[in-house]
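Here the structure comes first, spelled out in structure tokens, and everything after it is commentary.
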Amino acid sequence: MIKDAGCDAVKFERPAPARAAAIVESGIPVMGHLGLTPQTATALGGFKAQARNMESARKLLTDALHLEAAGCLLWCSRPCPRRSDA
């Protein structure tokens, strides 16, 4: 399916490194997407910035590092404020 569609990678929209690693290990490049994703906007209270305090910013960073360790070729997070409250 990836080859037929002409994709370079698949977008993975959850902090589940074991699942991401399984996809990577099958030979499919994975891009991790954290924070606000269109598919989860309703569950997160609508389209608003994520990681607005230090605790949630640390969790987002930890999730990103776990996806990186799982073999994701990159990850993105949006939207996040320039600074989180200390």
*Mind listing the long-range amide H neighbours of SER77? Cut-off is under 5 Å, sequence gap 5 or more, other chains count too, H placed in the peptide plane at 1.01 Å from N.*
LEU34
*By the gyration tensor of its Cα atoms, with a ≥ b ≥ c the square roots of the eigenvalues, what is the shape of the range 2-78: rounded for a/c under 1.5, prolate for a/b over b/c, or oblate?*
oblate
_Cut-off under 5 Å, modelled amide H: who pairs with VAL10 long-range_ = VAL30, MET31
*So how do 64-72, 20-28 stack up, highest first, on mean other-Cβ count within 10 Å?*
64-72, 20-28
*Calculate the spin-label point distance for ILE28 paired with PHE47, positioning each point 7 Å from the Cα along the beta-carbon direction, and give it in nanometres.*
2.7 nm
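The numbers here are math on the coordinates, done by the rules we state, and not lab data. Just so we're clear, the structure is a prediction, and the values are computed from it rather than from any experiment. Note: ideal-geometry Cβ built from the backbone for every residue, glycine included; neighbour counts use all protein chains shown.
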